[in-house]
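The structure under discussion appears below in the form of structure tokens.
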Amino acid sequence: MQYAALALWPICALGSEAIVRKTESRAIEVAHSRTSPRDLGVKLLPSCHTAIHRPDAAQLTLTVLLLASMAACVGSLEDAMDLVCRFALAHSTLLLMRATTIASTVTGIACPNAAVKDGGMLNAGKYDLMFSGHTTMGTLLMVFAIHLWEWHPASIAVGSVLAVGNSALQVSVGDHFTVSHCFENAGQGPVF
């Protein structure tokens, strides 16, 4: 039964992406009447709007950290598969939450880096959709890594710094405004 989460994971990912793409087109329709908000994170963090692939590199780094933690802390293949299934179920739940949030909060406010987005596959949305997939994944990866290290204070400190840094990177590259990251990071604890 636990392996059902592995089948649910790609279905939720594809469904979430379809909703994101549809909402992006709805955001274009309402964009003409919106102005960019005054965002403290956008003002304070250094701007690197042309580095739109840095969030993908950060996700890869955090994934490698989780895999290294699994190699160091998980005793058997069965335990590793159990962890992967739990991760898949937690991430599937977050993807459904993300899709629901995005579909119900069409802002029509362009991302600070909208001018440099190319409309490609990953990280291509030009409008702030109020729920960053990169932040969701990064925070979840760190929660699982901290769990593997049995909530040791050092792992909590390092994981928290990396999760917050990942969120700050999203604002710095201009993919989102600060408010969407505050919402996401606060909401992920109960899911795990």
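The values are calculated or read from the model by the stated rules, or taken from the named source; none is laboratory data. Remember, it's a predicted structure, so these values are computed and weren't measured experimentally. Note that each Cβ is placed from the backbone with ideal geometry, even for glycine, and that neighbours are counted across all protein chains shown.
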Wholly enclosed helices (runs of 4 or more DSSP H) of the stretch 1-117 bearing at least 3 residues closer than 24 Å to Val161 by Cβ and hydrophobic (A, V, I, L, M, F, W, C): 40-44, 54-73, 77-104
Filtered residues of the stretch 49-79 (kept if surrounded by 15 or more Cβ atoms within 10 Å (Cβ to Cβ) and of a type outside the set (S, T, N, Q)): His49, Ala51, Ile52, Arg54, Pro55, Ala58, Leu62, Leu65, Leu66, Met70, Cys73, Val74
Checking Arg54 against (1) at pLDDT 80 or above; (2) over 15 Å from the mean Cα position of the chain (by Cα), the condition it does not meet: (2)
Qualifying residue in the stretch 125-137 (condition: among the β-branched types (Val, Ile, Thr), over 18 Å from Ala27 (Cβ atoms) and modelled with pLDDT under 90): yes
Candidate set: the stretch 80-92, residues that are under 19 Å from the mean Cα position of the chain (by Cα) and under 15 Å from Leu148 (Cα atoms); chosen: the one surrounded by the fewest Cβ atoms within 10 Å (Cβ to Cβ): Arg86
Checking Thr63 against (1) within 15 Å of the chain's Cα centre (by Cα); (2) within 19 Å of Phe131 (Cβ to Cβ), the condition it does not meet: (2)
